[in-house]
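Have a look at the structure below before the remarks.
Taken together, the values in this text are just the output of simple stated rules run on the coordinates, not laboratory data. Small disclaimer: the values here were computed from a predicted structure and weren't measured. Don't worry about glycine lacking a Cβ; one is built from the backbone with ideal geometry, like all the others, and counts go over all protein chains shown.
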Amino acid sequence: MRLDLSGKTALVTGSTQGIGFAIATGLAKAGALVALNGRGESGVTAAIDRLRGEVPDADVIAAAGDVSTDEGTARVLEAVPDADVLVNNLGIFGTQSPLDITDDEWRRYFEVNVLAAVRLTRAYLPGMTDRDWGRIQYIASDSAIVIPAEMIHYGMSKTALLGVSRGFAKAAAGTGVTVNSVIAGPTHTGGVEDFVYELVDKDLPWDEAQREFMRRHRPQSLLQRLIEPEEIANLVVYLASPLASATTGAAVRVDGGYVDSIVP
C-alpha cells in the first residue's frame, strides 16, 4: 500500500517536536509539501533542518506563529494561504488538583487545545470544499474518554475535539473533504522517560522500565508499552491520504488498547 500525497500541502500545528514532528516527517515521506509550525522562528528552523536530515528530499516550509492567538494565526495563514491537509496537533497538558484549576486555566486550555483548531478549520475548510478534496484531523487523546482526575481540564479539551471533529465532518458532508479525530494513547515523547524513572527502578533498561511502568501505572493498556510517535504518525498519514476517502466523522484510536471499549 503506497501512501502518495504528492502535490498536496499539509500544515501540522505544534510540529517542532514529539508527535507533531513525527507526523510532519511521515507526511513529507509521502510526498507532501509540509509546513512546520511552532511559536518561534528558531525552533521551526531547527525542526526543518532536522526533518531534512531524516528526509533529504523533503519539501518543507516554515510556518512560525502561535495559532492560539489571532496574531499568530494570521502569520501562519500568510505563510500557508491554502492547505490540502490540516493536522491540528497543538496541545498543552499538565497535572493539577481539580479544585485548584482557575477560570483562567480553564480558558487557556480551551483556547490552545480547542479554539486554535477551530480557527484554522474555519480558515482552510472553504478552500478544501472548493477544490473537492481535503483532510482535516484533530489529535485527541485517550484522556478524552478516560478523563484523568489529575488533569480534567486537559481531558475536557480533548473531549471537546471529538465533538468539533464530528460537527465539522457534517459541515463538509458530500464535498470530498474528510474530517476525523485521532485518539492517541500513552506516548513516548520528550520528558516521558524522566517521568517513568520517577516511578520505577532507575537501574532498569528503558524497554524493561517502560513495560514495568505500564504494568503498574497503566495496566489497562493492551500494548503494555508506550506508543512511539511514529506509530501515531502512521495512522495520521493514512487518514491524510486518498486511500482513506471513506473514513470521515470518526474518532479513530491508536491507543494501544488503553481505552477499555470495543467502540471509540
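A few notes on this one:
- Listed by position, the helices (runs of 4 or more DSSP H) enclosed by segment 154-264 that each have at least 3 residues that are more than 16 Å from the chain's Cα centre (by Cα) and buried (at least 18 other Cβ atoms within 10 Å of the Cβ) are 206-217.
- Among the conditions (1) part of a helix (DSSP H, G or I); (2) buried (at least 19 other Cβ atoms within 10 Å of the Cβ), Q137 misses just one, which is (1).
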